[in-house]
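Right, one structure below, let's go through it.
Readers should treat all values here as calculations from the given coordinates under stated rules, not as data from a laboratory. Just so you know, these numbers come straight off a predicted model, no measurement behind them. Here the Cβ is made from the backbone with ideal geometry for all residues, glycine too, and neighbour counts use every protein chain on show.
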Amino acid sequence: MRNPDIDWEPQSLIFITKIHIMNELGVQHLLRADGKHIHANLYQNCTKQSSFPSINHINFPTVMKLDKNEITSLKNLLSEAENRSNETLEKLYKKMSGNTHVDLYVDGAADLHSKTSGIGGVFYSKGEEIDTFSEYFGDATNNEAEYSALIRGLQIALEMNVASINIFADSLLVVNQINGEFKVKHENMIPLHANASDLLSEFDSWEINHIPRDQNKVADKLSKAGMMKGRS
């Protein structure tokens, strides 16, 4: 039964989900500081047996994203072997501990005649390739494809819980606009630049560097392969 005294907004449900997770890990204390900022008395209400809802009767949001402080707290907790009591927690710790820094090479390709474009990128960790993407993007200019490749790469990196990223691209326009050396004037570039900048702000540290096309062959091949997917 839901406690009628509690406002069950989506944000509350996310908070409760976190409590369930922390209960499983035995670290409810991590939620107390968080609770001060979200719902001052929700933690106390929810941890009472009489008012704590059954997890099977809550329609939880599909995605729950922990913030950086929560991720760091979990990582620190799980760094102690005694707190990794089962296979799930072992896998979680390995996932959170790995690939905290990556190098990302991105490229975009566009053909105005066929009105097709593609984006591609490759991730490296300690010099070893760990992931790639190659996607059809549709009707776009080359600059739009270049920006979109960067955006997609950043999205994937955040999904991988990457904290620090070095980006390499052969688009002088994109690199210099992101670094603030070129102004963003074209109306189509403004939202793309804003999107990329917002994603970059999610990382602890980042750099983006311009490289010659012949040093970006893997990403170039992946972007062209993505473009070809729209022609088949």
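Mind jotting down the three principal axis lengths of the stretch 139-218 based on Cα atoms? Whole angstrom, largest first.
That works out to 31, 29, 27 Å along the principal axes.
Using alpha carbons only, how many angstrom separate the centre of the stretch 92-157 from the centre of the stretch 168-230?
9 Å
Within 10 Å, count the other beta carbons around each residue, average over each peptide in 144-154, 208-218, 70-80, and list them highest first. Working shown, then result.
Values: 144-154: 25.5, 208-218: 13.7, 70-80: 15.4.
So the peptides 144-154, 208-218, 70-80, ranked by packing, come out 144-154, 70-80, 208-218.
For a quick protection proxy, order the peptides 83-93, 190-200 by their average other-Cβ count within 10 Å, most packed first. Walk me through the intermediate numbers first.
Values: 83-93: 13.4, 190-200: 15.8.
So the peptides 83-93, 190-200, ranked by packing, come out 190-200, 83-93.
Over the stretch 101-229, what relative contact order in percent results from Cα pairs under 8 Å that are six or more residues apart? Please list the in-between numbers first.
Working: 287 pairs, mean separation 47.9, N = 129.
It comes to 37 percent, rounded to a whole number.
Quick one: work out Rg over Rh on the C-alpha atoms of the stretch 149-192, Rh as Kirkwood radius. Mind showing how you got there, number by number?
On the way: Rg = 11.8 Å, Rh = 11.7 Å.
We get a ratio of 1.01 for the stretch 149-192.
Once you treat every alpha carbon in the stretch 89-232 as an equal point and sum by Debye, what is log10 I(q)/I(0) at q = 0.10, 0.12, 0.20 Å⁻¹?
For the stretch 89-232 at q = 0.10, 0.12, 0.20 Å⁻¹, log10 I(q)/I(0) is -0.32, -0.46, -1.18.
Just list whichever of Lys115/Lys217; Lys126/Lys229; Lys115/Lys229 have alpha carbons separated by over 20 Å in the model shown.
Lys115/Lys217; Lys126/Lys229
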